[in-house]
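J.: Can you read through this structure? Questions will come right after.
Each value in this text was obtained by applying a stated rule to the coordinates, not by laboratory testing. Please read all numbers here as calculations on a predicted model, not as lab measurements. Neighbour counts run over all protein chains shown; Cβ positions are idealised from the backbone, glycine included.
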Amino acid sequence: MPELSYNLLSPEALINPYPIYRKLREEAPVYWSETFQCWILTRYNDVVTALLDLRLSSERLETLARLHLPQLDLGILDNYLHVFGKGMAMRDPPEHIRLRKIASQGFTHKALKHWQLLVQQVANDLLDKIQDVGEMDMVSDLAEPFPATVIAEMFAIPATDREMFQKWSNAIVKFLGGSFGNLEEDAHSANESVIKLESYFNELLIERRQKLGDDLMSLLITGYEEGKMDEKELCAQCIQILVAGHVTTVDQFANGVHDLLQHQSQLKQLQSNPNLMNNAVEEILRYNTSVPFTQRLAKVDLTMRNKRIQAGQIVLLSLAAANHDDDVFNSPEQFDITRQDNKHLSFAIGPHMCLGAHLARLELKIGLENLFKRLPNLRFAEDKLPQLKAESLMFRGFHSLPVRF
Ligand code: HEM
């Protein structure tokens, strides 16, 4: 099939990739993309199978970097590869299991009960500042500060450092996603950002070791002091959890507000029946996920639907395409906050399933509840256009989303 039929980089596809995902699911579910030089999986069952298949490795950073920058010396990415690459998201068993076990104590139901008050408080404080203004940019005034302040509090780091660590996190994520811009520039910027985050955390870690508390950083330090991980891994875990803990939720929050405002009858239904909020959050996650793709690296040759995937090749797993597979979801293109049995893959599945899924759900629920309760008249600003963030296949959100109330 000619590559043009599935051009995920066309201006229309960047705005709305779902028609191409459908074509791929129907015509080429295991597809070799010449443009990206990797395989793309789009059917729900195939994506689940791949997420559970340990022959597909998460240790993919270096191969991805080589794909992005075939002509360049990867020396320019030394810190990105060797620090960021040491965190759990980029590791295979047994290291992955060891590292995840330490961090997961910070995300139990009991731990989240503790953080629930904090999430509520942060949402209230931000809305207090905005309530009387009459208009705002949903992204910079609410979606960005909300999860970033929550994760800063969880790490017990100054919330005033937010803009700094958000800038570094965005740079890392931009390169990780394989941006459509200047990849060499993005590589430098991702590497610089890892260096800055590493020295930021190293300083904080020295201080915190003198006085441990009940925060996430102290929990990770305890794991290190008990000999369960080395110093590089400790820093990498802090960086990965910080980055994963807000960039994705910022985008998902903005995507959710956008989709609710665009589907007024659904929004009215939610406002008249707030008990639908949990359901609405799941539909927001399914309909327009902020993490449309993840990637794996084939460790050995394997076959999927008669296609030979060779050892060393990258496989892109489209969580967004799987979420719109009509073998699994009725009328998947419909945004329906009453949808039942919503088994979306926005947090993936299997060993690497999102560690922060409960926290993300809690933030979305509390944030949206408060937003629509306190600003019941929320609507798109008629004279300002939203600016979609579609710079890479892997992450999707808004640069800005102007609203009035
Ligand atoms: C709506 C928001 C979020 C979405 C859509 C999301 C999505 C995902 C996905 C798809 C993965 C699996 C990637 C893979 O298998 O390659 C993942 C992993 C991860 N997420 Fe999230 N995430 C969100 C929020 C969060 C939050 C709030 C945190 C923490 C505070 C977090 C921490 C992590 C970590 C640490 C991993 C790696 C887990 C592992 O490798 O075992 N995420 N996330």
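J.: With respect to E185, determine if the residue is within 29 Å of L385 (Cβ to Cβ) and away from the ligand (no atom under 16 Å from the Cβ).
T.: Judged against the criteria, E185 is a match.
J.: Is at least one residue of segment 306-314 in contact with a strand residue (DSSP E or B) (Cβ under 8 Å, 6 or more places away or on another chain), within 16 Å of the ligand (Cβ to nearest atom) and within 20 Å of E62 (Cβ to Cβ)?
T.: Within segment 306-314, one or more residues are in contact with a strand residue (DSSP E or B) (Cβ under 8 Å, 6 or more places away or on another chain), within 16 Å of the ligand (Cβ to nearest atom) and within 20 Å of E62 (Cβ to Cβ).
J.: Taking the condition within 11 Å of the ligand (Cβ to nearest atom), among the small types (G, A, S), in contact (Cβ under 8 Å) with a residue 12 or more places away in the chain and more than 23 Å from S179 (Cα to Cα), does S104 pass?
T.: yes
J.: Given the conditions (1) part of a helix (DSSP H, G or I); (2) more than 9 Å from the ligand (Cβ to nearest atom); (3) buried (at least 21 other Cβ atoms within 10 Å of the Cβ), which single one is not true for L276?
T.: Going through the list (1) part of a helix (DSSP H, G or I); (2) more than 9 Å from the ligand (Cβ to nearest atom); (3) buried (at least 21 other Cβ atoms within 10 Å of the Cβ), L276 breaks only (3).
J.: Pick from segment 321-355 the residues that are closer than 27 Å to N273 by Cα and among the small types (G, A, S): which of them is nearest to the ligand (Cβ to nearest atom)?
T.: The residue in question is S346.
J.: If only one of E185, E144 is acidic (D, E) and within 17 Å of the chain's Cα centre (by Cα), which one is it?
T.: E144
J.: When the residues of segment 340-389 are narrowed to those that are in a strand (DSSP E or B) and more than 17 Å from the chain's Cα centre (by Cα), which ends up farthest from G134 (Cα to Cα)?
T.: Filtering first and then ranking leaves Q387.
Residue-wise test of (1) surrounded by 22 or more Cβ atoms within 10 Å (Cβ to Cβ); (2) among the hydrophobic types (A, V, I, L, M, F, W, C); (3) outside any loop (DSSP other than H, G, I, E, B).
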| residue | (1), (2), (3) |
| --- | --- |
| S140 | no, no, yes |
| F146 | yes, yes, yes |
| T149 | no, no, yes |
| T160 | no, no, yes |
| G178 | yes, no, no |
| E185 | no, no, yes |
| A190 | yes, yes, yes |
| S193 | yes, no, yes |
| L197 | yes, yes, yes |
